[in-house]
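Enquirer: There's a structure below that I have some questions on.
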Ligand SMILES: [Mg+2]
């Protein structure tokens, strides 16, 4: 019995030191092809985004810090997040224009994000992406756990840790995971 208690307190300590952090790609990860209309006309394009109220409510239920890591630029990221009504959820954004025009899956932008987001060695990072190549790079450079968002895939590819068809399904899973881990 005494031994049991001892084990329990050890695993609790481990949980307290080990923070989960969540990094999200923006385009076609936080919204899908159904949430906007592709157009060469900028006004038409930006005004076509639909608010993602359910996603916003779900994201707020995740306690760990949340960040954006996008190959787009900061003005695009801010515009789209505002249109999606997700603008107050993320602690920081790294985009290609502030990363010296570096793009995922090249290493520099991952190094910048890891530094700016103050990721520590014992943090567990979950990286949400629609691009498997970007997930593979995050795993290679920093052992980020890859959460692939793909509406069409039925089977998780080897290089992703998780597969969900929608971002909402993914977030519901991680809310539960935080509660019960
Ligand atoms: Mg994307």
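Enquirer: Give me the pairs, please: first residue somewhere in the stretch 25-41 and assigned to a helix (DSSP H, G or I), second residue anywhere and more than 13 Å from the ligand (Cβ to nearest atom), beta-carbon distance under 9 Å, and either six or more positions apart or on two chains.
Expert: Close Cβ pairs satisfying both conditions: 34/50; 35/48; 35/49; 35/50; 35/52; 35/84.
Enquirer: Hey, another quick one. Given (1) away from the ligand (no atom under 16 Å from the Cβ); (2) more than 18 Å from residue 66 (Cα to Cα); (3) part of a loop (DSSP other than H, G, I, E, B), identify the lone condition not met by residue 105.
Expert: Here residue 105 clears every test but (1).
Enquirer: Check residue 148 against each of (1) in contact with a strand residue (DSSP E or B) (Cβ under 6 Å, 6 or more places away or on another chain); (2) part of a helix (DSSP H, G or I) and name the one condition it does not meet.
Expert: So the condition that residue 148 fails would be (2).
Enquirer: So, one more: State whether one or more residues within the stretch 85-93 are at pLDDT below 95 and outside any strand (DSSP E or B).
Expert: Yes - at least one qualifying residue is present in the stretch 85-93.
Enquirer: Show the residue pairs that are 6+ apart or on different chains and have beta-carbon atoms under 6 Å apart, the first residue being within the stretch 131-146 and closer than 12 Å to residue 106 by Cβ, the second being assigned to a helix (DSSP H, G or I).
Expert: Short answer, once both residue conditions are applied: 141/107; 141/110.
Enquirer: Would you say residue 138 is at pLDDT 95 or above, touching a helix residue (DSSP H, G or I) at 6+ places or on another chain (Cβ under 8 Å) and in a helix (DSSP H, G or I)?
Expert: Yes: the conditions hold for residue 138.
The values are calculated or read from the model by the stated rules, or taken from the named source; none is laboratory data. This is a predicted model, so every value here is computed, not measured. When we count neighbours, we look across all protein chains shown, and the Cβ atoms used for this are built from the backbone with ideal geometry, even at glycine.
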